[in-house]
Amino acid sequence: MPGIGAAVLPGWVLMARWFRRRSKPDEELAELVVEAELGDDVAMGNLATALHAKGDRVGALRWWGRAWAAGNVVAGFNLGMLYAVAGDANHAQVIWEKAAALGDPDAMLGLVRQALDRGDTAGVDRWAPVILAQDEAFPITALGVAFRDHGDLTRAVQAFLRSEDLGDGYAMEYRARIPAAQGLDEEADALRARAATAERML
């Protein structure tokens with residue numbers, strides 16, 4: 001695909017759960033290659049993440065593609081993000097629709113972001129409630145940020161509150177910025193104080 005080799009994946013996309021760090025990264029990489037070649041879809045996803053971290057985006061595309069074809073849903077999200085960052089939003093959407101249908105909240109978030117960018121209310125309403133209903137703080141907080149960035153403070157606060165219920169201090173910090181921008185310093189300071197003692201889930 002044109003431009004894919006130059007794509008830069010945002011930091012929040014790389015799934016830390018995919019790559020175990022050891023004292024000898026080259027040995028880890030060699031082990032992943034062997035396991036991936038044997039058809040282990042988790043190893044394929046780990047290998048893609050490792051290659052992407054080393055700057056090999058073509059290798060990452062290959063192995064995330066193979067992992068996704070083997071049924072690895074998280075790899076599907078990452079593959080979609082590679083296409084999205086490279087400017088192929090349609091290809092990303094096709095992959096994310098399939099991954100979201102399999103229950104991946106990160107893919108749902110990608111679809112909501114695309115829908116917000118297009119002004120597609122139906123697309124937002126299709127996936128945002130599903131993200132809010134699950135129990136992973138990261139995509140809920142990120143959903144709040146997406147709403148905030150698109151000027152929908154009501155839905156942003158709704159998402160931040162849901163994530164706060166899950167104990168995410170970052171959601172409190174993000175929510176504190178809203179009253180701070182409105183000059184409500186006491187409310188903002190109280191939220192920041194609570195955030196300082198809450199668990200960070202991002």
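Please pick out the residue among ALA137, ALA122, ALA133 that is farther than 22 Å from ALA171 by Cβ, out of contact with any Phe, Trp or Tyr (no Cβ under 6 Å at 6 or more places or on another chain) and among the small types (Gly, Ala, Ser).
Only one candidate qualifies: ALA122.
Restricting attention to region 72-100, and to residues there that are at pLDDT 90 or above and not in a helix (DSSP H, G or I), which single residue is surrounded by the most Cβ atoms within 10 Å (Cβ to Cβ)?
ASP88
With ILE178, ILE131 as the choices, which residue is part of a helix (DSSP H, G or I), under 20 Å from GLY103 (Cβ atoms) and out of contact with any Cys (no Cβ under 9 Å at 6 or more places or on another chain)?
When all the criteria are applied, what remains is ILE131.
Which residue out of LEU109, LEU61, LEU47 is surrounded by 17 or more Cβ atoms within 10 Å (Cβ to Cβ), without any contact (Cβ under 8 Å) to a residue 24 or more places away in the chain and assigned to a helix (DSSP H, G or I)?
Just a single option satisfies the conditions, and that option is LEU47.
Return the pair list, or none, for Cβ contacts closer than 6 Å from residues in region 150-169 that are more than 16 Å from TRP127 (Cα to Cα) and outside the structural domain of ASP135 (by TED's automatic domain parsing) to residues that are surrounded by fewer than 17 Cβ atoms within 10 Å (Cβ to Cβ) and modelled with pLDDT of 90 or more, at least 6 apart or on different chains.
Note: no pairs meet the criteria.
If you take the residues of region 148-177 that are in contact with an Asp or Glu (Cβ under 9 Å, 6 or more places away or on another chain) and hydrophobic (A, V, I, L, M, F, W, C), which of them is surrounded by the fewest Cβ atoms within 10 Å (Cβ to Cβ)?
That would be LEU166.
The values are calculated or read from the model by the stated rules, or taken from the named source; none is laboratory data. Keep in mind that this is a model prediction, so the values were computed, not measured. Glycine also receives a Cβ, built like all others from the backbone with ideal geometry; neighbour counts cover every protein chain displayed.
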